[in-house]
Amino acid sequence: MTDQPGPSVPGPSVPDSSAPGPSAPAPPALFTWEFATDPYPAYAWLREHAPVHRTRLPSGVEAWLVTRYADAKQTLADQRLSKNPAHHDGPAHARGRTGIPGERKAELMTHLLNIDPPDHTRLRRLVSKAFTPRRVAEFAPRVQELTDRLIDGFADRGGADLIHEFAFPLPIYAICDLLGVPREDQDDFRDWAGMMIRHQGGPRGGVARSVKKMRGYLADLIHRKRAALPPDPAPGEDLISGLIRASDHGEHLTENEAAAMAFILLFAGFETTVNLIGNGTHALLTHPAQRARLQRSLAAGESALLATGVEELLRYDGPVELATWRFATEPVTIGGQRIAAGDPVLVVLAAADRDPERFADPDVLDLGRRDNQHLGYGHGIHYCLGAPLARLEGQTALATLLTRLPDLQLAVEPAELRWRGGLIMRGLRTLPVEFTPNR
Ligand code: HEM
């Protein structure tokens, strides 16, 4: 998932009809640079004073922000809220902007995050096989190999930008492997994906060109794989071959749907994981006691704290700040607020996951936190399909970093770090670190 297209410099928020009563202090500014750096105080204010808040987004689209945990969970599961942008009753220019580059290309539109049952049920069932915990566990040695290879690339230098040299390439290579993109083509994917991230919110030409190249490549790859497909599936067959097989055997998957599926997997699984590794490393480096606790546990060969720790990092400062767009298909009431048919609704996962009504000491990072039913992977029928893979990548990346570079630290003051100013995703532009070189 990527950010909604819009200006890269966030604009001011617009106070509105859902504004709190006269006794409440003024609402905080949303979508400024200060907000991008630390949105949590503003979310705390919204949760308390205007938990279902109508605002104008930097793109000009008006939408409702849902910030309390209980409301968020209910909203994510409410089938009266459609994922299909055709239900948006806003101005024409604003419709269909879920933030996936290329989404306006009809052939890439029929992906999981843009559709409702029964199409959603059918497509999700077809692709779910590739993400069973067993299939993902089989992938663990490859993720470890990729992780080590990337760390080898900078370990002897004593410093690196962890976003560009580590967090960014790891998920792109992993998804390419999963889809069945040949190794010799994977660097092209890395370049196109890099263009899309760098140009988000900026001039749209760069993104459009990269989307076009990726789409052309995927169509060609599907074509080539179809021509070479053996009659029976081999164990561990790649995902694109599995999708072609499904479409060939009357499971109602069109070639466009197969291409859209490959595309959404790339986008849903790429920047999210970059930011899990980036935000997670940042949180660990700025919470030395928690980081030392994790390092002790890893040195003792334990895995329990790593597993609860990655969930806590998702809750505390997760990659997906807002869930993707939903549109009311009929008037609905959320948290006592009436929402008209056609209105867009955005669930603020980052606010819900710090709700004191649900989490004790929500602003404290506690890697061993129990009862941590965070919403970082969403909830309901659109719950993250790639969660087992994301967990595998996040756990492997963080454990290997802390083990191989035990004195890893930030190379700049935390205040100097710059966060991307997008809407849906939360992540760092760069993460400069230093450490004793491994010679
Ligand atoms: C830490 C990394 C990740 C996070 C935090 C994350 C988070 C999410 C969230 C919050 C949603 C639901 C969005 C909504 O309801 O609006 C979602 C959906 C989805 N995610 Fe992930 N994701 C991650 C990694 C991945 C990976 C690695 C893949 C696959 C390679 C993936 C594939 C998907 C897909 C296909 C959907 C749509 C599911 C549907 O609509 O049925 N995600 N993810």
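Taken together, the values in this text are just the output of simple stated rules run on the coordinates, not laboratory data. This one's a predicted model, so the numbers in the text were calculated from it and none came from an experiment. Because the Cβ atoms are built from the backbone with ideal geometry, glycine has one as well, and the counts that use them run over all protein chains shown.
Protection proxy ranking of 171-178, 313-320, by the mean of other Cβ atoms within 10 Å over each peptide's residues and highest first, is 313-320, 171-178. Cβ-Cβ distance of D187 and T333, R₀ of 45 Å, FRET efficiency by 1/(1 + (r/R0)^6): the value works out to about 0.35.
Here's the picture: charge each Lys and Arg Cβ at +1 and each Asp and Glu Cβ at -1 in the stretch 33-434, and of F35, V52, F139 the one pushed furthest to the positive end of that dipole is V52.
For D407 and A341, what is the calculated FRET efficiency with R₀ set at 51 Å and r taken between the beta-carbons, to the nearest 0.05? Intermediate results must be reported in sequence, preceding the final value.
Working: r = 57 Å, r/R0 = 1.11.
Efficiency, rounded to the nearest 0.05: 0.35.
Lysine pair count for the chain with Cα-Cα distance under 28 Å and sequence separation of 8 or more or different chains is 14.
Note down the magnitude of the dipole of the chain about its Cα centre, charges +1 on Lys and Arg C-beta and -1 on Asp and Glu C-beta and zero elsewhere, to the nearest 20 debye. Working shown, then result.
On the way: 49 positive and 54 negative charges, 117 e Å.
Using Cβ point charges on Lys, Arg, Asp and Glu, the chain gives about 560 debye.
Taking amide H as placed 1.01 Å from N in the peptide plane, the amide H of H374 sits under 5 Å from none that are at least 5 places away or on another chain. The distance from the alpha carbon centre of the stretch 375-394 to that of the stretch 162-189 is 19 Å, rounded to a whole number.
Residues considered: I381, I277, I264. Largest GNM mean-square fluctuation over the chain, using C-alpha springs under 10 Å, is found at I381. The Cα atoms of the stretch 33-434 cover 54, 54, 39 Å along the three principal axes, with the biggest extent listed first. Principal axis analysis of the Cα atoms in the stretch 366-439 yields extents of 47, 29, 22 Å, listed in decreasing size. Mean residue ellipticity, 222 nm, helices only, the chain: the sum of -39500 (n - 2.57) across DSSP H runs of n ≥ 4, divided by residue count and rounded to 500, is -14000 deg cm²/dmol. Placing +1 on each Lys and Arg Cβ and -1 on each Asp and Glu Cβ, with no other charges, gives the stretch 362-412 a dipole about its Cα centre of roughly 140 debye. Using a/c under 1.5 as the rounded threshold, could you call the stretch 128-173 rounded, prolate or oblate? The axes a ≥ b ≥ c are square roots of the C-alpha gyration tensor eigenvalues, and prolate needs a/b larger than b/c, oblate otherwise. Judged from the Cα gyration tensor, the stretch 128-173 comes out prolate (a/c at least 1.5, a/b above b/c). Cβ-Cβ distance of A234 and Q144, R₀ of 22 Å, FRET efficiency by 1/(1 + (r/R0)^6): the value works out to about 0.45.
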